[in-house]
Amino acid sequence: MQAEFLVTEQRADGNYLCVQGDWTLDNFAALEKLSSRYKKQQLPEKNSLDTSRLGMLDTVGASTLIQLLGQENTRQLLQAGSMLPAEKKALIQTVAQALELTSTSAQKKKTGVMSRFFGQIGCSIIAVWQQLISLLGFAGLTLEALFRLLWHPRQWRFTSVVAQVHTSGLNAVPIVMLLTFMVGAVIAFLGATVLAEFGASIYTVHLVAFSNLREFAILLTSILMAGRTASAFTAQLGSMKVNEEIDALRASGLNPVNLLVIPRVLALLVSLPILTFLGMVSGILGGMAVCTLSLGISPVMFMDIISENVAVRHFWIGIAKAPVFAFVIAVVGCHEGFKVDGSAQSVGEHTTSSVVQGIFLVILLDALAALFFMEMGW
């Protein structure tokens, strides 16, 4: 071993490993040479340590010493009976903890592809579960605040609700009606093309009516509102969170849920059923236009077929979904807005998350509702 840093001595009471010299940055070249010599093998851990001749010590020397001595000898250095001064013990302990964290992260990076794959799946499942619990808790908080406000009419904020109805409902009428009109026309085109092969083109009217009343009007409108309104709610509340306006409301003794969430939920509860009704009308008009132009079915005949063969319950089934979807979309948008950290990037991430969650939950609930109504024979 290099005599200036490490020396092995045989004494009457056993073998000793003596640490001596200055283990500092000034001697980095010699320490690096010593470290590279013993890089592939650790020093014997059964030797006793003698640090009485150790001079100056800094972080470079401490890290080299820890790597050379190994875990057992380093633990022996840090024991209470060691001759090492307290300040050097503290330095070695701090460097040892840092090296342990570094080696742990390095080991994590060396995990196999399958381990990382299943680990990522596990992390995703935990994140989804935590998000679900958080969303359910926020929905319960919103319902509790909503029912509590019902008994205090003086706390109702009609101006905020009307403003949100105008923004989220009235301004969305053109895009909702245009989209449902085109989808109704596409459904009629497909129905006329397929049913013509069986000589049943007249049933295109039934297809347009059933699909728009039960599914497409409410589903397309809800997806549009999830992309348009839920993202707006998240961006608005997220910007307020970044500007610490929500903290200011809490500091003033005001409840942010009552002031910011409830008006948005009520506005969407009012707007979505109306937009759904307009979507139904627009979708049927789109199908009527195609039937009139392609199949020669007059508008009067089209409406007669619907009134005679399509029950009113299909209309109510579509409308009944609207309040549920409206509540889900509003809660998701507001929940993600309150989760914004404090940066513009966080606002964008949670806005994207609110749109994805809203669309996913709307489609999931619609599928479950379709299965339920089918089993009930409705």
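General observations
- Residue satisfying condition, being closer than 16 Å to V270 by Cα and hydroxyl-bearing (S, T, Y), within set S134, S124, S160: S160
- With a requirement of 1 or more residues that are closer than 29 Å to S353 by Cα, the helices (runs of 4 or more DSSP H) lying completely within the stretch 223-335 that satisfy it span 231-242, 245-251, 262-290.
- Test for E375: is it out of contact with any helix residue (DSSP H, G or I) (no Cβ under 9 Å at 6 or more places or on another chain) and either farther than 19 Å from V176 by Cα or surrounded by fewer than 19 Cβ atoms within 10 Å (Cβ to Cβ) (or both): yes
- Taking the criterion of being modelled with pLDDT under 65 and in contact with a helix residue (DSSP H, G or I) (Cβ under 9 Å, 6 or more places away or on another chain), the residues of the stretch 2-37 that qualify are Q2, E4.
- Residue match in the stretch 157-166 (condition: in a loop (DSSP other than H, G, I, E, B) and over 30 Å from S298 (Cβ atoms)): yes
- Just so you know, in the stretch 214-230 the residues that are in contact with a Phe, Trp or Tyr (Cβ under 9 Å, 6 or more places away or on another chain) and open to solvent by 30 Å² or more (accessible area, probe 1.4 Å) include one that is modelled with the lowest pLDDT, and it is R214.
- Selection status of M280, over 42 Å from the mean Cα position of the chain (by Cα) and either crowded, with 18+ Cβ neighbours inside 10 Å or over 30 Å from W156 (Cα atoms) (or both): no
- Within the stretch 148-188, tally of residues that are within 14 Å of A217 (Cβ to Cβ) and open to solvent by 90 Å² or more (accessible area, probe 1.4 Å): 2
- In the stretch 336-368, of all residues being open to solvent by less than 20 Å² (accessible area, probe 1.4 Å) and assigned to a helix (DSSP H, G or I), the one that is farthest from G140 (Cα to Cα) corresponds to S346.
- Top-ranked residue of the stretch 229-252 - restricted to ones that are among the polar types (S, T, N, Q) and touching a Ser or Thr at 6+ places or on another chain (Cβ under 7 Å), ranked as farthest from H350 (Cα to Cα): T229
- Hits in the stretch 231-256 - residues which are buried (at least 19 other Cβ atoms within 10 Å of the Cβ), aliphatic (A, V, I, L, M) and farther than 16 Å from L170 by Cβ: A235, L237, M240, I246
- Scan the stretch 109-151 for residues that are among the hydrophobic types (A, V, I, L, M, F, W, C) and within 15 Å of the chain's Cα centre (by Cα) and the total you get is 12.
- Output for the stretch 82-105, where each listed residue is under 14 Å from Q20 (Cβ atoms), of a type outside the set (D, E, K, R) and at pLDDT 70 or above: L84
- Pairs with Cβ under 7 Å, 6+ apart, first in the stretch 360-377 and on the phi < 0 side of the Ramachandran plot, second among the aromatic types (F, W, Y) and open to solvent by less than 80 Å² (accessible area, probe 1.4 Å): V362/F325; L365/F325
- Boolean, I121 is modelled with pLDDT of 75 or more, open to solvent by less than 90 Å² (accessible area, probe 1.4 Å), within 30 Å of S354 (Cβ to Cβ) and assigned to a helix (DSSP H, G or I): yes
- Look at the stretch 255-276: where a residue is within 22 Å of K339 (Cα to Cα) and a partner is surrounded by fewer than 19 Cβ atoms within 10 Å (Cβ to Cβ) and of a type in the set (D, E, K, R), sitting 6+ places away or on another chain with Cβ atoms under 6 Å, you get P263/R157.
- Each residue in the stretch 200-213 was checked for being surrounded by fewer than 22 Cβ atoms within 10 Å (Cβ to Cβ), of a type outside the set (S, T, N, Q) and either in a helix (DSSP H, G or I) or touching a residue at least 60 places away in the same chain (Cβ under 8 Å) (or both), and 5 pass.
- Selection from the stretch 52-81 of residues that are modelled with pLDDT of 65 or more, surrounded by fewer than 20 Cβ atoms within 10 Å (Cβ to Cβ) and not in a helix (DSSP H, G or I): S52, R53, G55, M56, D58, L78, Q79
The values are calculated or read from the model by the stated rules, or taken from the named source; none is laboratory data. None of the values given here were measured: they were computed from a predicted structure. Here the Cβ is made from the backbone with ideal geometry for all residues, glycine too, and neighbour counts use every protein chain on show. The protein model used for the area step is the full one, side chains on, heavy atoms only, and it has no ligands, DNA or RNA in it. Shrake-Rupley method; radii C 1.70, N 1.55, O 1.52, S 1.80 Å.
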